[in-house]
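Some notes on the structure that comes next.
The values are calculated or read from the model by the stated rules, or taken from the named source; none is laboratory data. Just so you know, these numbers come straight off a predicted model, no measurement behind them. Virtual Cβ from ideal backbone geometry, glycine too; neighbours counted across all protein chains shown.
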Amino acid sequence: MNSLTAEHYLLEVKLRRDRTPSFDTYPFSLPAVKELGTLKLHPKVTFIVGENGSGKSTLLEAIATSWGFNPEGGTKNFNFGTRRSHSELHAFLTLGKSVKRAKDGFFLRAESFFNVATEIENLGVGDSYGGRSLHEQSHGEAFFAVITKRFGGNGLYILDEPEAALSPSRQLAMLVRMHELVDMNSQFIIATHSPILMAYPDADIYQIDETGFSRTAYEQTEHFLVTKAFLGNPNRELALLLE
Ligand SMILES: Nc1ncnc2c1ncn2[C@@H]1O[C@H](COP(=O)(O)OP(=O)(O)OP(=O)(O)O)[C@@H](O)[C@H]1O
Ligand SMILES: [Mg+2]
């Protein structure tokens, strides 16, 4: 671990609990918010994992919005919007920033990637993504092109389920690209369900459940344990599931 030399743009995310109106209503009732005090971020990579609906995307969107990114994805210069509402959570977060200034950054969410690709094309920069329009590439090809061609280093990258578009081989390639970008003074915050991506070694994994955020060793995550048990003996696991 070489954290001391890493660029650490976003140190922590804090919920202003004294100002939150109620922990019984959305988004404050979500496990990812209800139990949020101060979330310390790793200087290189922080993974946020947890069940569907635990509030990972809501939290990431609020962090990204507080940072100045477009809530649906993109950079600080993207200001398209196709969804009606974003949660107001960002107004209740305080970001602890370091004195180091990020020179690059991107908020990438698999679920609204189509709109980000459209915006990239509207901005007239689409040709630099692998020499082909992003809309003429497959979902995974285009997504991967943004990570490899658009992410330039010295940046804060917030990614929501980047694996959704990527084959297992591309997820391995993504680990390599993440490592290059970390070496180029980048910091990542990633919500993921991928046991491949969350294996990145120089990282903290926070697992969310009803009791809040617990920093969890890779081998102790539900994702690792369930996947390992299944792949270790698919026939036995299937027999148990389908009996
Ligand atoms: N506007 C809204 N009003 C009320 N509830 C909402 C609203 N938007 C989202 N939710 C709920 O908030 C919960 C958290 O959603 P979120 O997308 O943050 O979960 P997630 O942890 O990212 O899940 P996944 O792993 O499936 O991506 C969901 O149960 C969702 O139905
Ligand atoms: Mg989500």
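Observations, loosely collected:
- Residue check: residue 18 meets all listed conditions (1) part of a helix (DSSP H, G or I); (2) within 16 Å of ligand 2 (Cβ to nearest atom); (3) loosely packed, with under 15 Cβ neighbours inside 10 Å but one, namely (2).
- Per the listing 81, 74, the residue uniquely crowded, with 21+ Cβ neighbours inside 10 Å, more than 21 Å from residue 208 (Cα to Cα) and away from ligand 2 (no atom under 14 Å from the Cβ) is 74.
So that you can scan it fast, the table gives a plain yes or no per residue for (1) small (Gly, Ala, Ser); (2) touching a helix residue (DSSP H, G or I) at 6+ places or on another chain (Cβ under 6 Å); (3) away from ligand 2 (no atom under 13 Å from the Cβ); (4) not in a helix (DSSP H, G or I):
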{"position": "29", "(1), (2), (3), (4)": "yes, no, yes, yes"}
{"position": "60", "(1), (2), (3), (4)": "no, no, no, no"}
{"position": "91", "(1), (2), (3), (4)": "yes, no, yes, no"}
{"position": "95", "(1), (2), (3), (4)": "no, yes, yes, yes"}
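- Residue in the range 54-77 that is aromatic (Phe, Trp, Tyr), at pLDDT 95 or above and within 20 Å of residue 165 (Cβ to Cβ) present: no
- Taking the range 30-78 as the range and being among the charged types (D, E, K, R), out of contact with any Gly (no Cβ under 8 Å at 6 or more places or on another chain) and either within 21 Å of residue 17 (Cβ to Cβ) or without any contact (Cβ under 8 Å) to a residue 60 or more places away in the chain (or both) as the test, the residues that pass are 40, 61.
- Test: residue in the range 65-72 that is within 15 Å of ligand 1 (Cβ to nearest atom) and in a helix (DSSP H, G or I): yes
- The selection criterion, being closer than 26 Å to residue 65 by Cβ, of a type in the set (Gly, Ala, Ser) and buried (at least 20 other Cβ atoms within 10 Å of the Cβ), holds for residue 155.
- Those residues of the range 18-45 which are among the β-branched types (Val, Ile, Thr), away from ligand 1 (no atom under 15 Å from the Cβ) and under 28 Å from residue 194 (Cβ atoms), in sequence order: 38, 45
- Pairs meeting the criteria (first residue in the range 160-183 and under 19 Å from residue 113 (Cβ atoms), second residue basic (Lys, Arg) and crowded, with 16+ Cβ neighbours inside 10 Å, beta carbons under 8 Å, at least 6 apart or on different chains) are 160/56; 160/109; 161/109.
- Scanning the range 189-204 for residues that are more than 15 Å from ligand 1 (Cβ to nearest atom) and β-branched (Val, Ile, Thr) yields a single hit, 196.
- Scanning the range 120-135 for residues that are under 20 Å from the mean Cα position of the chain (by Cα), in a helix (DSSP H, G or I) and more than 28 Å from residue 53 (Cα to Cα) turns up at least one hit.
- Hits in the range 161-176 - residues which are away from ligand 1 (no atom under 16 Å from the Cβ) and either part of a helix (DSSP H, G or I) or closer than 18 Å to residue 201 by Cα (or both): 168, 169, 170, 171, 172, 173, 174, 175, 176
- Count of residues meeting criterion [assigned to a loop (DSSP other than H, G, I, E, B), of a type in the set (A, V, I, L, M, F, W, C) and out of contact with any strand residue (DSSP E or B) (no Cβ under 6 Å at 6 or more places or on another chain)] in the range 97-119: 1
- Single condition residue 208 does not satisfy, out of (1) surrounded by fewer than 12 Cβ atoms within 10 Å (Cβ to Cβ); (2) more than 18 Å from residue 157 (Cα to Cα): (1)
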